[in-house]
Amino acid sequence: MPFFRVMLSGTGISIPSEDGSAPVVGFYTTRDVYASDVEQATTKATDLVLKHWLPGGSYATVNQGAVPTITLDKSWRVTFLFGLFGRKPSGYVFYPHE
């Protein structure tokens with residue numbers, strides 16, 4: 001099975017900002033997964049992200065909105081060596097309502 005890099009976006013959240021400005025309402029994130037095809041890669045990456053937002057997850061307590069709706073932005077195959085030894089993306093880029 002090949003490795004895939006999957007870029008996802010999430011909407012429907014509401015995280016208050018620390019400085020009192022507009023709350024965060026969405027995010028972008030990327031995950032690397034081992035899957036047989038793009039559809040399976042998207043499902044695996046989505047599941048990895050949702051674990052952070054469901055009850056017990058690291059963002060569940062601060063999120064005052066809904067569990068995010070996850071959308072695939074882009075997905076592509078990466079080489080076996082890159083997938084195995086490359087840096088694993090795991091962070092989020094958050095954005096407020098514009």
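The figures follow:
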quantity: Residue in segment 14-21 that is part of a strand (DSSP E or B), in contact with a Ser or Thr (Cβ under 6 Å, 6 or more places away or on another chain) and modelled with pLDDT of 90 or more present; calculated: no
quantity: Selected residue (only one of Val67, Val49, Val33 is at pLDDT below 95 and β-branched (Val, Ile, Thr)); calculated: Val33
quantity: Boolean, Thr71 is touching a Ser or Thr at 6+ places or on another chain (Cβ under 6 Å) and either among the small types (Gly, Ala, Ser) or in contact (Cβ under 8 Å) with a residue 12 or more places away in the chain (or both); calculated: yes
quantity: Boolean, Thr43 is β-branched (Val, Ile, Thr), without any contact (Cβ under 8 Å) to a residue 12 or more places away in the chain, out of contact with any Phe, Trp or Tyr (no Cβ under 8 Å at 6 or more places or on another chain) and on the phi < 0 side of the Ramachandran plot; calculated: yes
quantity: Positions within segment 29-47 being assigned to a loop (DSSP other than H, G, I, E, B) and either loosely packed, with under 14 Cβ neighbours inside 10 Å or polar (S, T, N, Q) (or both), in sequence order; calculated: Ser36, Asp37
quantity: Among (1) closer than 30 Å to Met1 by Cβ; (2) small (Gly, Ala, Ser); (3) buried (at least 16 other Cβ atoms within 10 Å of the Cβ) - the single one Gly26 does not satisfy; calculated: (1)
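The values are calculated or read from the model by the stated rules, or taken from the named source; none is laboratory data. Here the structure is a predicted model, which means the values were calculated and not measured. Please note: Cβ atoms are built from the backbone with ideal geometry, for glycine as well, and neighbour counts cover all protein chains shown.
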